[in-house]
Every structure is written in structure tokens, then in C-alpha cells.
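Presented below is the structure to which this report refers.
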Amino acid sequence: MTSSNAPTVLSHSYIDEYIGNRLEGTAIAFIILETAFVVLRQWSRRLQKAPLGWDDVLIIPAYLFCLSECICGILDVRHGSVGHHIDAVKETAPENIEYWGRISLIAIPVLYAPAVTFPKLVILAIYLRIFVDKPSRIVCYIVAIITILACVVNIPLSIWQCSPPAFTWDKTIEGGYCAVNIQSHIRWGSFPNIVTDLVILIVPLPVIWRLHTSSRIKAGLTITFLVGSRPCCIYTPLR
């Protein structure tokens, strides 16, 4: 939901400005892609008759939480007027502000924490199945612990950052207050995710470069890991 210096009297063109289709289209695209990749992966594992691993277990909640994020984005567009100027929504459909607040400021941040955590744990579980050298395994365990702790801390902070929760989006509520600076929470709450993302990208590279194979194969494996190590989750902080 966009907010800008709106004119005193809102024009029809200003009220009609809309970009919510971008978020909805992106969410639908990710729903299709994530579903296709998960199904193909499970099918491939079945064809190979591969033994069940932690990555096979963790990929289910990873998929469901990422799917939930996408669905929340679509609901926010269709029922929370996301994509319109907030000034226009307040004038034409003020009842949608509460829906937007519940989805964008509480549901999406709460779901975002596990939606980021589980895909990373899937990747780390795959690393632990592949890598046998002790340093790489230790790094994987450390990253897993940091990722889980960040998730555990961010969920309650997202739910109870303001009291009552409705004060998060409605600052006119008497007696309401925020114990947490919302902008600082957004900024620093994502910091561990950025760091662990970078580590997950870097961890397999030394192992690949030490392989006794051609430079072409090493380059191909490097690109594969760099692309495949990026957890795919949508988070749109509509604050």
C-alpha cells in the first residue's frame, strides 16, 4: 500500500491509481514455481529410491509457509486494497485498513520468519548430507542454530510489538503503545537472515574448488550452488 503527499482533494485519477496486480502476479508466479519444483524434487527422489532425509521432511513446512506468504499477498491485494494510495483507501474504503493491518503488519511478518527459516534448513540438511569435512559441517550447524534463534525471536516480536496489536496500524487507539520500534525491527530483524544467506552461498564453494575435476565442471557446480542456495520466499513489508 503506497503512501505519498496526496492533494487536499483527491482526484479520480489519484484514487484510481493501482499497482496491486504486480504483487498478485508475483505471488501467483511463485505459487506455481514453488509447487512445480517441490513436486519435481519429490518425484525425482522417489524415482531414485533415495532414503528419506531431513531435507525431505523439512521441505514440506518450507513449502507450506512460503505458500502462505504468497496467499497473504493475494488476500492483501483483493481485500486490503494493497496497490492503492493509502489516502485514497482511507477515503473510499476505510474498512479495508484494518484488514490490511492484520495481514501486512502481523500475519505476513509472523509467517515470514518460518518461511525463511525452513528453506534454509532444507539447504543446510542437503549440505550436511553431501559435505564430510568437519569445518563445513560445523559452519552448517552454526548457521542452522542462528537461523532457528532468529525465527524464535522474531515471531513473538511481530505479534506483540504493539499493545493492543491493532495499534500497529491504528495510532488513534487511546492507551496504545509500541514496545518495539517497528522500523528498527524490520531493519535489524532481517540482518541475521542476510548474514546467513551469504554464508549459505559461500560454504559449498571451497569444497567445490578442491574437487579433482576440470575448471569447466567446477564453474558449472559453482553456478548451480549459487543459484540453488537462494531460499525463495516473498516478503513485502507494506509499512
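Numbers for the structure displayed
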{"quantity": "Condition broken by Ile194, with the remaining ones in (1) aliphatic (A, V, I, L, M); (2) surrounded by 14 or more Cβ atoms within 10 Å (Cβ to Cβ); (3) within 28 Å of Ile32 (Cβ to Cβ); (4) at pLDDT 70 or above satisfied", "calculated": "(2)"}
{"quantity": "So Ile186, is it in a helix (DSSP H, G or I), buried (at least 17 other Cβ atoms within 10 Å of the Cβ), within 15 Å of the chain's Cα centre (by Cα) and on the phi < 0 side of the Ramachandran plot", "calculated": "no"}
{"quantity": "Which listed residue, of Glu24, Glu98, Glu69, is more than 16 Å from the chain's Cα centre (by Cα) and of a type in the set (D, E, K, R)", "calculated": "Glu98"}
{"quantity": "Residue among Lys134, Lys120 that alone is of a type in the set (Lys, Arg) and either surrounded by 18 or more Cβ atoms within 10 Å (Cβ to Cβ) or within 16 Å of the chain's Cα centre (by Cα) (or both)", "calculated": "Lys120"}
{"quantity": "Any pair with Cβ under 8 angstrom, 6 or more apart, that starts in the range 137-151 at a residue that is without any contact (Cβ under 8 Å) to a residue 60 or more places away in the chain and ends at one that is among the small types (Gly, Ala, Ser)", "calculated": "Ala150/Ala113; Ala150/Gly189; Cys151/Ala113"}
{"quantity": "Candidate set from the range 197-239 (those that are of a type in the set (Phe, Trp, Tyr) and out of contact with any Phe, Trp or Tyr (no Cβ under 9 Å at 6 or more places or on another chain)); member that is modelled with the lowest pLDDT", "calculated": "Phe225"}
{"quantity": "Any pair with Cβ under 6 angstrom, 6 or more apart, that starts in the range 154-183 at a residue that is closer than 22 Å to Lys90 by Cβ and ends at one that is hydroxyl-bearing (Ser, Thr, Tyr)", "calculated": "Cys162/Thr168"}
{"quantity": "Pair list, Cβ < 7 Å and 6+ apart or interchain, from the range 94-119 residues that are without any contact (Cβ under 8 Å) to a residue 60 or more places away in the chain to residues that are among the acidic types (Asp, Glu)", "calculated": "Ile103/Asp76; Leu111/Glu69"}
{"quantity": "Selection within the range 6-23 - out of contact with any strand residue (DSSP E or B) (no Cβ under 9 Å at 6 or more places or on another chain) and either closer than 30 Å to Ala62 by Cα or not β-branched (Val, Ile, Thr) (or both)", "calculated": "Pro7, Ser11, His12, Ser13, Asn21, Arg22"}
{"quantity": "Count of the range 137-181 residues which are buried (at least 17 other Cβ atoms within 10 Å of the Cβ) and closer than 27 Å to Pro206 by Cα", "calculated": "6"}
{"quantity": "Residues within the range 80-89 that are closer than 26 Å to Leu157 by Cα, hydrophobic (A, V, I, L, M, F, W, C) and surrounded by 21 or more Cβ atoms within 10 Å (Cβ to Cβ), tallied", "calculated": "1"}
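Quick grid of which residues meet (1) at pLDDT 90 or above; (2) assigned to a loop (DSSP other than H, G, I, E, B); (3) buried (at least 16 other Cβ atoms within 10 Å of the Cβ):
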residue	(1), (2), (3)
Ser4	no, yes, no
Tyr18	no, yes, no
Ala29	yes, no, no
Glu34	yes, no, yes
Leu40	yes, no, no
Ile59	yes, no, yes
Glu91	no, no, no
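The values are calculated or read from the model by the stated rules, or taken from the named source; none is laboratory data. The shown structure was predicted, so the numbers you read here are calculated from the model rather than taken from an experiment. So basically every Cβ, Gly included, is an ideal-geometry build from the backbone, and we count neighbours across all protein chains shown.
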